[in-house]
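Undergrad: The structure's right below; bear with me while I get my questions together.
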Amino acid sequence: MKWYSISVFMIFALFQSLSAAPAVSLSGTVTKSGGGAVKDVTVTLAGVGGISATTDASGKFTLDNGLTSIMPSAQTQPLTFHLNGKELFIQSAEKELSGTVSIYSSEGKRVSSVDFKQTNGASGAILLPALSAGLNLLKITTNGRTYTGPLLQLPNQSARLQGTSSTSMSNQLGLFRSTAAMADAIVDTLITKKSGFTDKRTPISSYISSNLSITMDSIVMATCNATTLKAAGSCRSNHQILLGTALPASNLPALAAQEFNFVTPENEMKWDAVEGSEGNFSFGSADNIVSWAQQNNMKIKGHCLVWHNQLPSWVSSITTRDRLLAVMKKHIETVMGHFGSKLAAWDVVNESISTDSDVGTGNAQMRPSVFYKLLGEDFIPTAFKYARDYADSHNMQSMKLYYNDYSIDADNDKSRFLHTKIKQWLAAGAPIDGIGFQMHIGPPNNIPTVQSVKDNMDYYTSLGLDVLISEWDINLCGSKVTSAQQLEFFHGITSVCVNNPKCTAITFWGVNDGNSWLNGFSGSLCNGSSSQSLLFNNGQKKPTYTEVLNGLNGK
Ligand code: XIL
């Protein structure tokens, strides 16, 4: 076990420095984009109640809850503490050890208390209860001595209880992070608010940091009175949102051109449609959509270059790495080359992560597609590199390249797994410009909350990526989502995009309810009936339309 290898160091560190350390001590400076300090910004944490700070004239703040780790003096025998999930182990040189372990919320309320007794200085597991997300305080009273210190739980991850930062173990009662926590080290969200500015939510990986640098975006939330979706999305000069719809070549209604300025071909650019047999490319119906969109001044996103579905069997039956790499490269280059800069963006990789269920829970892993099986997860950075190199060397430097997936729009196993992977792929140089949240809400996919969509969007944009809502529909079949909830989601999530300057597009997966893919998709619980999942029915605007329009107008 890794733990033993550092416990020696920990004991040493405890003898070295038993001084008090703050539970929360965050300081830094807030500036606005383009430079300049921002005064009177309120700084709070999402997971820790009861503390806030305000920036001074030079934009500086200190957020400190005055709570300190307390150790008995260095002369008494130290304890070491180890957390494994929710199990706390206490070790001591003393033979008899008994006492109480209590958990306090960050506001000082006692949440729970567990008595323990042990012999031979070796501890059995003391089971800690589920805690509220964010920072909690641990207090251990044993053999007449009291130890207190910070203890935190990663948001919505009840199974992962952590000691705080491993970098200053001497101050942390000997608790430290597990390897799993290291991989995805976000512990909380620092919120900076100032009226006239878009709130900034910054993921933080430690409660102790002295030189945070935060840039606020100078967006004044304009209220607009636009009367079409595309006009509402363009009503703020400093944050333009493209409004899109998926369309099949067989049905290109005038209504789509009135309301939308962005198009995704629903099926016509998928691998089976453009390269059904090896090297025989056919672009007829895709070209029809492209020329229709161009005539109507609409931008176009290509969908999609590398995906396990709608993939011809001549590709899925390839058995060697070199051949698949060559085939993938040729496909990407030929398809991108055909449409060239008529397209503004491409979904380069679609749906490369799987879980036990489509709602994104359980056993998140790389999907065992032919691409993953033969090329490993490297197929993703590689596909992006092929696409970027081709675009840049063919005068398409402004082409945006996206990773697109379902059930990644809010907190769940799949989105957490993707967070970690995207960070790794970016670090390895994958030229990813943005993430498409398909946002198929309801059966067969997940049902998020507005707040978790916001937090998740903030996560990606704080990595410097754009985000898009790329295939939005909200399915009422199966009564998993009520129509009231549907309206709330359409308004709330639209507002989330409006409030995040790096949310660049919202695309609905179809115009009219009657044409929704969900109506005939197994798993949607529709069985042929209408999913009622879109903004129009037979060309008429629905209440869902009004919610989205109001959200875009900042109302
Ligand atoms: C769907 C189309 O809408 C259907 O017409 C087709 O039969 C199956 O694919 N995620 C995606 C889209 O990325 O390409 C899918 O589109 C819907 C789910």
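The values are calculated or read from the model by the stated rules, or taken from the named source; none is laboratory data. These figures come from a predicted structure and were not determined experimentally. Because the Cβ atoms are built from the backbone with ideal geometry, glycine has one as well, and the counts that use them run over all protein chains shown. Surface areas here come from the heavy atoms of the whole protein model, side chains and all, with no ligands, DNA or RNA. Shrake-Rupley method; radii C 1.70, N 1.55, O 1.52, S 1.80 Å.
Undergrad: For a distance above 35 Å, tell me the whole-number percent of Cα pairs in region 229-553 that qualify.
TA: It works out to 14 percent of all Cα pairs.
Undergrad: Using the Kirkwood radius over Cα pairs, work out the Stokes-Einstein diffusion coefficient for the chain at 20 °C and 1.002 mPa s, in µm²/s as a whole number.
TA: 83 µm²/s
Undergrad: Once Rh is set to the Kirkwood radius over Cα pairs, what Stokes-Einstein translational diffusion coefficient, in µm²/s, holds for region 211-266 at a temperature of 10 °C and a viscosity of 1.306 mPa s?
TA: 118 µm²/s
Undergrad: Please list 3J(HN,Hα) in residue order for region 306-319, calculated via the Karplus relation 6.51 cos²θ - 1.76 cosθ + 1.60 where θ = phi - 60°; whole Hz, with x for glycine and proline.
TA: Couplings: 10, 8, 6, 9, 6, 10, x, 5, 5, 8, 5, 9, 5, 10 Hz.
Undergrad: A further question on this structure: What whole-number distance in Å separates the alpha-carbon centres of region 338-356 and region 385-436?
TA: 9 Å
Undergrad: Using Cα positions and a limit of under 17 Å, work out the aspartates and glutamates in reach of residue 193, with same-chain residues fewer than 8 apart set aside.
TA: By straight Cα distance, residue 193 reaches 40, 56, 217, 455, 458.
Undergrad: Further question: Treat each spin label as a single point 7 Å out from the Cα along the C-beta direction, and report the residue 389 to residue 27 distance in nm.
TA: According to this spin-label approximation, the distance is 4.9 nm.
Undergrad: Here is a further query. Starting from a Cα-only point model with no solvent, please compute log10 I(q)/I(0) by Debye for region 457-501 at q = 0.21, 0.26, 0.32 1/Å.
TA: -0.77, -0.94, -1.14
Undergrad: A further question on this structure: Suppose every Lys and Arg Cβ carries +1 and every Asp and Glu Cβ carries -1, with no other charges. What dipole size does the chain come out with about its Cα centre, to the nearest 20 debye?
TA: 1000 debye
Undergrad: Moving to a separate point now. Checking a compactness column here: for region 415-517, what do you get for Rg(Cα) / (2.2 N^0.38 Å), N being the number of residues?
TA: 1.12
Undergrad: Follow-up. What percent antiparallel are the DSSP beta bridges of the chain, to the nearest 5?
TA: Roughly 60 percent of the beta bridges in the chain run antiparallel, per DSSP.
Undergrad: For the chain, what % of the accessible area comes from carbon and sulfur atoms, probe 1.4 Å?
TA: The value for the chain is 50 percent carbon and sulfur by accessible area.
Undergrad: How large is the helix-only mean residue ellipticity at 222 nm for the chain, computed as the sum of -39500 (n - 2.57) over DSSP H runs with n ≥ 4, divided by its residue count, in deg cm²/dmol to the nearest 500?
TA: Here the helix-only value at 222 nm equals -8000 deg cm²/dmol.
Undergrad: Enter the accessible area per residue of the chain (Å², integer; probe 1.4 Å; all protein chains in place).
TA: Result: 39 Å² of accessible area for each residue.
Undergrad: Let me ask you something else. Name the residue farthest towards the positive end of the dipole of the chain from the options 465, 228, 319, assuming +1 on Cβ of Lys and Arg, -1 on Cβ of Asp and Glu, about the Cα centre.
TA: 465
Undergrad: To continue, here is another question. Would you compute the Debye intensity of region 472-555 from its alpha-carbon atoms alone, equal scatterers and no solvent, and pass along log10 I(q)/I(0) at q = 0.12, 0.13, 0.15, 0.27 Å⁻¹ to two decimals?
TA: Each listed q maps to, in turn, -0.34, -0.40, -0.53, -1.31.
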